[in-house]
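Working notes for the structure below.
The values are calculated or read from the model by the stated rules, or taken from the named source; none is laboratory data. All of these numbers come straight from a predicted model, not from anything done at the bench. Please note: Cβ atoms are built from the backbone with ideal geometry, for glycine as well, and neighbour counts cover all protein chains shown. In case anyone asks, the SASA skips ligands and DNA or RNA and just uses the protein heavy atoms, side chains included. Shrake-Rupley method; radii C 1.70, N 1.55, O 1.52, S 1.80 Å.
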Amino acid sequence: MGRRCSGTGYVGDDLGSALIGARMVEDLMRLCFLMERQYAPYSKWFGTAFGRLSCGPSIGPLCREVLRAESWEEREEALSAAYRAVGELHNQLAITTPVELGVVRMCDRPFKVVWGDFIGALTADIQDPEVRRLLDRWPVGGIEQVRSVLWRVADRRQLFGLLDSR
């Protein structure tokens, strides 16, 4: 069992924390592929291809630190460094106004996360009404979120609402 934190629930075990950290690293790596407009291959070649990205030499060691962390506190520190670095990569692209990065506490829990309004920055200049309508109707994020809606039987009404052209 995990330990209680401020009456808000359990922190959880270190193995679960490591698994979540690994998933977050994979998400950051996928963002790097997108930002460099490179194809992200399947898992067998994913790490090799990531190392060949222009950001691979700088972001790769930060990702390894997350994976090596032995406690959630170490993992949090390593993830913060990795998120800041990927956030700065976004700002260097200059496709939006620079996004200010800050550190916030997560939902009154003891965890700190790097935060920036990337979605707001990326959508701020979209003026086409049809594209704006799509933003209002579809979840923001990767295709995995849409796939999750498609596969859950309980969400079929939500799916029909998303597909309704009216």
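Only one entry of ARG147, ARG166, ARG133 meets the criterion of being over 21 Å from GLU36 (Cα atoms), modelled with pLDDT under 70, part of a helix (DSSP H, G or I) and out of contact with any Ser or Thr (no Cβ under 9 Å at 6 or more places or on another chain), and that entry is ARG147. Summed over the stretch 14-62, the residues that are of a type in the set (Gly, Ala, Ser), more than 18 Å from GLU88 (Cα to Cα) and not in a helix (DSSP H, G or I) give a count of 1.
Matching residues to (1) at pLDDT below 95; (2) farther than 17 Å from LYS112 by Cα:
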{"position": "SER17", "(1), (2)": "yes, no"}
{"position": "ASP27", "(1), (2)": "yes, yes"}
{"position": "THR48", "(1), (2)": "no, yes"}
{"position": "PRO61", "(1), (2)": "no, yes"}
{"position": "VAL66", "(1), (2)": "no, no"}
{"position": "ARG84", "(1), (2)": "no, no"}
{"position": "ASN91", "(1), (2)": "no, yes"}
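Whenever a residue of the stretch 102-115 is closer than 19 Å to LEU28 by Cα, its partners that are open to solvent by 60 Å² or more (accessible area, probe 1.4 Å) and modelled with pLDDT under 80, lying with C-beta atoms within less than 6 angstrom and at least six residues away or across chains, give the pairs VAL113/MET106.
Looking at the stretch 107-116, which of its residues are modelled with pLDDT of 85 or more and open to solvent by 90 Å² or more (accessible area, probe 1.4 Å)? Selection gives LYS112, TRP115.
Of the numbered criteria (1) open to solvent by 20 Å² or more (accessible area, probe 1.4 Å); (2) over 30 Å from ASP136 (Cα atoms), the one VAL104 fails is (2). Per the listing GLU88, GLU65, GLU74, the residue uniquely among the acidic types (Asp, Glu), more than 19 Å from ALA18 (Cα to Cα), open to solvent by 60 Å² or more (accessible area, probe 1.4 Å) and part of a helix (DSSP H, G or I) is GLU88.
From the list ILE95, ILE119, the lone residue that is assigned to a helix (DSSP H, G or I), β-branched (Val, Ile, Thr) and in contact (Cβ under 8 Å) with a residue 12 or more places away in the chain is ILE119.
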